[in-house]
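S.K.: Structure below; questions to follow.
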Amino acid sequence: MVTTHFNFKSVRSEVTCADDIDELIGTAFCYQYMFDKRTSPWEMCEWRDGELEDFEIDLEVVDRLYYISHCDDGVSGRDFEFAGRMEYNGRHVYIKMSAGCDYTGFECQGGGEIYITFDPQIFLKSIITNEYQPHDIWGVMAEDGLQVEEPSSFDLLQSKAWNNVPMLKFLCHMAVYDHKDTLTHYPYNLPRPVAASVEEFIRTRETRDHYDEGE
């Protein structure tokens, strides 16, 4: 039996405790040591040497479940998906795990990835995709008092489609992003709210690009 965090909250009504998570995808958690562990390029400095590679999801300190899925077709293999929040060294980390194996199991033919960030906004806009029901996740984050923007339809597009978005705000942001190496003066020439918006966009875009590279 897995101890449930005292402040556990779940977006999924059918999952009410850590044991429910373990029953659905506990098999994948047993093989976390095999999975690739990744974070955004700008957060690498938050981790000591070897710490990220050794990171594992501990259900007893998971206090938010945002998404969970287990698919087993009984023939070709099994897929496991998880998104949640966990206490880690006195901070909250936001986690997305994708893993899978064929019918022989993880030891013979399996693997996965765990993407980790300390930033809920980056998690929501750069890591979470439509199938993870991001607006439900945003609702729980807002209830928790987190100052995060609800993802727009633009945020949820795959990065390869961003150049086709016909919204002036994002076209302007992308123009700065595409030439950020030569437009290094923009923080000093734009109004502070606009500069902050551009900075947030660049960080979100860089993380999304980095995340997509691993898929």
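S.K.: Provide 37, 125, 96 in ascending order of the number of other Cβ atoms located within 10 Å of each residue's Cβ, fewest first.
M.R.: Details: 37 19, 125 26, 96 22.
By the 10 Å Cβ count, ascending: 37, 96, 125.
S.K.: What is the sum of charges around residue 69, taking Lys and Arg as +1, Asp and Glu as -1, for the other residues whose C-beta is under 12 Å from the C-beta of residue 69? Before the final figure, lay out each step's value.
M.R.: Working: positive: 12, 78, 96; negative: 14, 72, 79, 81, 131.
With Lys, Arg at +1 and Asp, Glu at -1, the neighbours total -2.
S.K.: Over the stretch 9-149, what is the relative contact order in percent, taking alpha-carbon pairs closer than 8 angstrom and at least six residues apart? It would help to have the intermediate numbers written out before the result.
M.R.: Working: 222 pairs, mean separation 31.2, N = 141.
It comes to 22 percent, rounded to a whole number.
S.K.: So for 101, 108, 17, fewest C-beta neighbours within 10 Å to most, what's the order? Working shown, then result.
M.R.: On the way: 101 22, 108 9, 17 17.
Placing the least packed residue first, the sequence is 108, 17, 101.
Since every read-out is calculated from the coordinates, none of them should be taken as a lab result. All figures in this text were calculated on a predicted structure; none of them were measured in a lab. Cβ sites come from the backbone with ideal geometry, for glycine too, and all protein chains shown count toward neighbours.
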